[in-house]
Amino acid sequence: MGWIFSFLSERSTSIRLQDFESNIEKVDLGIPQGSPISPILYLFYNADLLEESLDISLSITPTGFIDDISLLTYSESTERNVRNLEKAYGKCLNWARSHGSRFNPEKSELIHFIGRRRVYRASITLEGRIIEPSKSIKLLGAHLDQGLTHRAHFEALGTKISTLVSAIKSITSSTWGTSLIDARKLYRGAIRPALAYGASFWYPRDSEKVEGLRKSLESIQGRFLRAITGAYKAASIEALEIETFIEPLDLYLEKFASRGAARQVLKGYGQKGRLFREILRNRYRRRGRPRPELNSTSTPSLRTSEGLRPEIIEIPTTNDAQIENTTLWKEYGKALEAFYASKWKDRWEKSQKGRAIALYHPQPTPKALQLYKNRTKPFCSILIQLRTGKIGLNDFLHRARVPNIEALCECKEEEETVGHFLFKCPRWKEQRALLNGLKTVKEALEGRENSEKAVKYLLATGRLEQFSRVDCELALEAK
C-alpha cells in the first residue's frame with residue numbers, strides 16, 4: 001500500500017507542443033498513463049461500479065474494460081429493456097457522484113439485439129439526452145449489429161483491408177522490394193491476425209451456409225497474395241495459397257474462432273464457460289450424435305478420432321481435481337491443426353482452379369517455400385508467373401482478352417505458351433543454352449537449381465517488358 005501511495009503522490013506534469021512547453025503543474029487526480037500498474041489500479045477503482053450495476057431484478061448484466069462500461073439487459077419488449085437500462089444508469093450516476101467521476105451521455109450508444117426483419121425504435125434518455133438506437137455499434141474493437149451476424153464487423157474490415165494492402169504494396173512490388181518470404185512473414189504475423197480480431201464471436205458458426213462469405217474472404221486474401229508474390233490478377237488464389245503455403249482465409253478464421261472458444265473451455269471457467277462449451281459442442285458435433293448433459297461440476301476434455309473433427313466433451317470432476325490445461329490445450333491444438341490441414345488438402349484436390357500448380361504440389365506442403373528462400377522479389381515474381389502460366393506471353397494475354405494480341409508467337413510457328421517460349425521458339429536459340437538441356441516445363445520449374453536456370457533464361461531474352469529494367473545478376477543474387 002505504501003508503494004501505491006508513493007506512486008500516486010507528488011506528481012506533476014507539463015504540456016509540450018513543438019517548441020512550446022507549459023509550466024509544470026501539480027496533479028492530484030487520476031492515475032499516470034503509460035504505466036502497467038495503472039490499468040490494475042483502475043480496475044480496483046471501478047470494481048464496485050460493476051457490482052452496483054448488477055441487478056437481477058432488472059436483468060442487468062454489466063461488463064467493463066477500463067473506462068468502457070456496457071450494460072446488457074433482456075425482456076419481452078424493448079420498451080421494458082430501456083426502462084431497466086435507465087434505472088441501471090441511475091445507479092451508475094450515484095456511483096459517479098461518490099467517486100468524483102462523470103459519465104458522458106453523448107458518447108453512449110444504444111442497440112437492440114433483435115431478429116433481422118424486425119425494427120424497434122425504442123430510445124433511451126440519459127441525463128436529459130435522448131439516444132436513438134443504432135443499427136450497429138463498436139465494442140472493444142468489434143462491430144455488433146442487431147442480428148449479431150458477421151456483417152457489421154466484416155463491412156468495417158473493408159477500410160482496414162485497403163489500408164493494409166496499400167502498406168504491403170508500399171514495400172514490395174513485382175520487380176523490387178521486400179522478398180516473398182519476408183512479405184509472407186509480415187502478412188502471417190501481423191496482417192492476418194489483425195483481420196481475425198474478434199473472430200471468436202463474429203465469424204459464423206455455419207460459415208459454409210453463409211452465401212458469399214467464403215468468396216469474399218478468398219478475394220481479400222488474394223489481394224495480399226498478389227502483392228506478396230508479384231503474380232498476375234488472373235492467377236488462381238488457391239494456387240497462390242499453395243505456392244506460399246498460406247491456408248485459405250476462411251479456414252484460418254474458423255480455426256481461430258474454434259481456438260478462442262476452446263481456450264475458454266479448457267481454462268475451466270465454470271458457469272461462465274457454459275456458453276463457449278455449447279458453441280464448441282455445436283461446432284464439432286457429428287450429426288445424429290446425442291448431446292451430453294451439462295452440469296455445473298464438469299470440465300472439458302478432448303476426444304479425437306481419425307478422420308473426424310476434434311470434439312470437446314464433458315467429464316465430471318471434483319472440486320479438488322485440477323485439469324492440466326496446458327496438456328489439454330496442446331492436445332486440442334494439434335488435433336485442430338490436423339483437421340484444418342486435412343480440410344485444406346481435400347479442398348485443393350477437388351478444386352478445378354490452379355491446376356498448373358497441382359502439377360508440382362498435388363497437396364499443400366511447406367516444401368513449396370524452398371523455391372523462394374533467399375531469392376529476390378523479381379526472381380520470385382518471374383518464377384510464380386512461369387509456374388502459374390499467367391505471364392506476359394501472347395497465349396495468356398490473348399486469353400486474358402488484351403486488345404490487339406494474338407496467341408500466335410512472333411516466330412509464327414505456334415501459340416506462345418510457357419513451353420514454347422522455353423524450349424521451341426527459334427528466336428532464343430542462343431539464350432537457350434542457359435537451360436543446359438532441360439526439356440519439359442515441369443523439369444525446368446520444379447527444382448531450385450533448374451528454376452534458377454529458367455529465370456536466368458527469361459531475363460537473358462528480354463522478352464518481358466515488365467522485367468526489362470531488372471539487372472540479371474542482381475535478380476539472381478541470394479538474399
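A few comments on the model shown:
- If R0 is 35 Å, the Cβ-Cβ spacing of LYS350 and ASN450 corresponds to a FRET efficiency of close to 0.75.
- Cα gyration tensor shape for the stretch 374-460, rounded if a/c is under 1.5, else prolate or oblate: oblate
- Expressed as a whole percent, the accessible area of the stretch 147-211 that falls on carbon and sulfur atoms is 52 (1.4 Å probe).
- Surface composition of the stretch 386-428: carbon plus sulfur atoms contribute 47% of the solvent-accessible area (1.4 Å probe, protein chains only, all chains present).
- Shape call, the stretch 138-205: gyration tensor on alpha carbons, a/c limit 1.5: prolate
- To put it simply, the accessible area of the stretch 1-121 at a 1.4 Å probe is 53 percent carbon and sulfur.
- Of the GluC sites (Glu not before Pro) found in the stretch 1-90, those that fall in a DSSP loop while having at most 15 other beta-carbon atoms within 10 Å are GLU10, GLU76.
- A simple spin-label model places pseudo-atoms 7 Å from Cα toward Cβ; at LYS169 and ILE114 they are separated by 4.2 nm.
- The stretch 178-247 has equivalent-ellipsoid semi-axes of 23, 16, 8 Å, by the square roots of 5 times the alpha carbon gyration tensor eigenvalues, sorted largest first.
- Largest-first ordering by accessible area, 1.4 Å probe, given options TRP176, TRP428: TRP176, TRP428
- DSSP-loop trypsin sites (Lys or Arg not before Pro) across the stretch 348-416, with at most 10 other Cβ within 10 angstrom: ARG401, LYS412
- Scalar couplings 3J(HN,Hα) for the stretch 392-407, obtained by applying the Karplus form with A = 6.51, B = -1.76, C = 1.60 to θ = phi - 60°, are x, 9, 4, 4, 5, 4, 5, 5, 7, 6, 6, x, 6, 10, 9, 5 Hz; x denotes Gly and Pro.
- Per-pair calculated FRET efficiency, R0 = 60 Å: GLU406 and GLU127 via Cβ, rounded to 0.05: 0.20
- Solvent-accessible area per residue for the stretch 50-100 (1.4 angstrom probe, square angstrom): 63 Å²
The values are calculated or read from the model by the stated rules, or taken from the named source; none is laboratory data. Treat the numbers as computed from the prediction; the structure is a model and nothing was measured. Note: ideal-geometry Cβ built from the backbone for every residue, glycine included; neighbour counts use all protein chains shown. These area figures cover heavy atoms from the full protein model, side chains too; ligands, DNA and RNA do not enter into them. Shrake-Rupley method; radii C 1.70, N 1.55, O 1.52, S 1.80 Å.
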